[in-house]
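Chemist: Please see the structure below; I have some questions.
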Amino acid sequence: MPASTIRRFSARRFCLHALAQVHGKPAYAVNQPDTDELNDVARITGYPGVYRKSHVHCLNQKECAIRCATELGKTYEEGTFIVAHVGGGLSVACHDHGRMVDTNDVLEGSGPFAPNRSGDVPLKPVVKLAFSGEHTKKEIDGVIGKTGGLVGLVGTDDARQIDARIEAGDEWAKICYEAMAYQVAKAIGAFATVLKGKVDGIVLTGGVSHDPFFVNYVTERVSWIAPIKVYAGDFEMDALAAGAVRALNGEEKVMTYTGEPSWKGFQMEGAIPEA
C-alpha cells in the first residue's frame, strides 16, 4: 500500500459518500483506524492461525509524526519516528518512511496497558478465568477494552486524579501509573530495534501527555534514542482537514476505498489460515 492512506469513498452505502452527494463536493476519509501498513514479519505470533493486525490511532499518529518531521526539517516520508498515543486507549507505532510498519493492536488488546484497557497479559490466567464459569465473555471483553488498565487497577483513568492521589501518598496509585509509563517506554525501546536504532524522532501525544509526571517518566528512559516531541492532546479534526488539503493540492495520491482488506492472510506455502 502506498504511504498515503487517504481514500475517496465511492460506495453509496457509506455516509461520507452521501454527504458528498448532498453538497456536491468531494469527500475524503483520512488515515482510518484500521489502516494496515504492517511489515509481514510483524504479523506473526506464536499461536498458529492468530496474526497481528493494525487497529491503531492512525489519524492522530500520522498527524503528529508529520508535525515532528516538519520540526526536524524533514517530510514524513523521509523520516523514521516512534509515536506513542496515550489517551483512553494506547497505541505505540513505528513509522518508517511514510508507513506504520509495526504497532500494537488497540482493538484486540495488545501492547502496553492503557488508562481503560488491559493490554498484553499472561494468557493462561485469562484462559483459566474464561473457563471458570464465574465470568461471562462480555465481562472479560469489558476488562480488555473498557474497564481494565488504570480503571481496573486504581478505579479511575483520570491522570489528574491519580496525580493527586500520588501527591497524597497513595503508593498503589503511584506504582500502577508508573507501570503504564514503564510499558510505554519499553514499547518505544522495542520499536527502536525495528528501525535498527535509526530513529529521527519520538513523539508523545494523547491526553495523558499533558501530564508532566508521565512525560518525564518516559523521557528519562528513551531520550537517549532520539529527540522527543510532545504534542499533548488529540488532533483528529486538524488531521482530517490537513489530509483533505493535501489531497486537493495533489500532495498525496488519493486511493479508492474498495471494502476489501489490504491484508488477506499469508498466501505462501505452509501458511496457517487465520483462526
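The values are calculated or read from the model by the stated rules, or taken from the named source; none is laboratory data. Remember, predicted model here, so these are calculated numbers, not experimental data. Methodologically, a virtual Cβ is constructed for each residue, glycine included, from the backbone with ideal geometry; neighbour enumeration extends over all protein chains shown. Keep in mind that these areas ignore ligands, DNA and RNA; they rest on the heavy atoms of the full protein, side chains included. Shrake-Rupley method; radii C 1.70, N 1.55, O 1.52, S 1.80 Å.
Chemist: Where the Cα atoms of region 174-275 are projected onto their three principal axes, how long is each span, largest first, in whole Å?
Modeler: Projected onto the principal axes, the Cα atoms of region 174-275 cover 46, 45, 27 Å.
Chemist: While we're here: Here are several values of Rg/Rh (Cα atoms, Kirkwood Rh): [x] 0.95; [y] 0.93; [z] 0.98. Which one was derived from the coordinates shown?
Modeler: [z]
Chemist: Still on this structure: So, for the chain, what is the accessible surface per residue at a probe of 1.4 Å, expressed in square angstrom?
Modeler: Result: 54 Å² per residue.
Chemist: Let me ask something additional. Determine the principal axes of the Cα atoms in region 59-131, then give the extent along each, sorted from largest to smallest and rounded to whole angstroms.
Modeler: Each principal axis gives a Cα extent; for region 59-131 these are 53, 21, 15 Å.
Chemist: Now, a different point. For region 108-183, what is the per residue volume of the convex hull drawn over the alpha-carbon atoms, in cubic angstrom?
Modeler: Per-residue hull volume (Cα only) is 90 Å³.
Chemist: Something else: At 222 nm, what value in deg cm²/dmol follows for the chain if DSSP H runs of at least 4 each add -39500 (n - 2.57) and the sum is divided by all its residues, to the nearest 500?
Modeler: Calculated at 222 nm, the ellipticity per residue is -11000 deg cm²/dmol.
Chemist: Something else now. In cubic angstrom, how much convex hull volume per residue do the alpha carbon atoms of region 190-229 span?
Modeler: 68 Å³
Chemist: Let me ask something else about it. Taking 10 °C and 1.306 mPa s as the conditions, I'd like the Stokes-Einstein D for region 15-159 in µm²/s, using the Kirkwood hydrodynamic radius from alpha carbon pairs.
Modeler: 92 µm²/s
Chemist: Using Cα springs under 10 Å in a Gaussian network model of the chain, which residue among 84, 164, 181 shows the largest mean-square fluctuation?
Modeler: Answer for the Gaussian network model of the chain: 164.
Chemist: If you filter region 136-204 for trypsin sites (Lys or Arg not before Pro), then keep DSSP loop positions with at most 12 other Cβ within 10 Å, what is left?
Modeler: When the trypsin sites (Lys or Arg not before Pro) of region 136-204 are filtered for loop state and at most 12 Cβ neighbours within 10 Å, 196, 198 remain.
Chemist: Compare 72, 123, 90 by solvent-accessible area with a 1.4 Å probe and give them largest first, with all protein chains kept in place.
Modeler: Listed by decreasing accessible area, they come as 123, 72, 90.
Chemist: While we're here: Hey, got the dipole for the chain? About the Cα centre, +1 on K and R Cβ, -1 on D and E Cβ, debye to the nearest 20?
Modeler: Numbers: 29 positive and 34 negative charges, 126 e Å.
In debye, rounded to 20, the chain gives about 600.
Chemist: What's the longest bit of the chain with no exposed GluC sites (Glu not before Pro), using DSSP loop states and at most 14 other Cβ atoms within 10 Å as the test?
Modeler: 135-250
Chemist: Taking only Cα atoms and a 10 Å spring cutoff, compute GNM fluctuations for the chain and point out the largest among 126, 101, 30.
Modeler: Highest fluctuation of the listed residues: 126.
Chemist: Which aspartates and glutamates have a Cα lying under 19 Å from the Cα of residue 137, excluding residues fewer than 8 positions away in the same chain?
Modeler: Result set, ordered by chain and number: 108, 120.
Chemist: Then there's this: Among 212, 33, 112, which one shows the highest mean-square fluctuation when the chain is modelled as a Gaussian network with alpha-carbon springs under 10 Å?
Modeler: Judging by the Gaussian network model, the answer is 212.
Chemist: Among 154, 144, 169, which residue has its Cα positioned farthest towards the positive end of the charge dipole of region 111-192, with +1 placed on the Cβ of Lys and Arg, -1 on the Cβ of Asp and Glu, and the dipole taken about the Cα centre?
Modeler: 144
Chemist: Still on this structure, I have one more. Enumerate the lysines that residue 186 could reach by cross-link, defined here as Cα to Cα under 24 Å, with residues fewer than 8 away along the same chain left out.
Modeler: The qualifying lysines are 53, 62, 124, 146, 174, 196, 198, 229.
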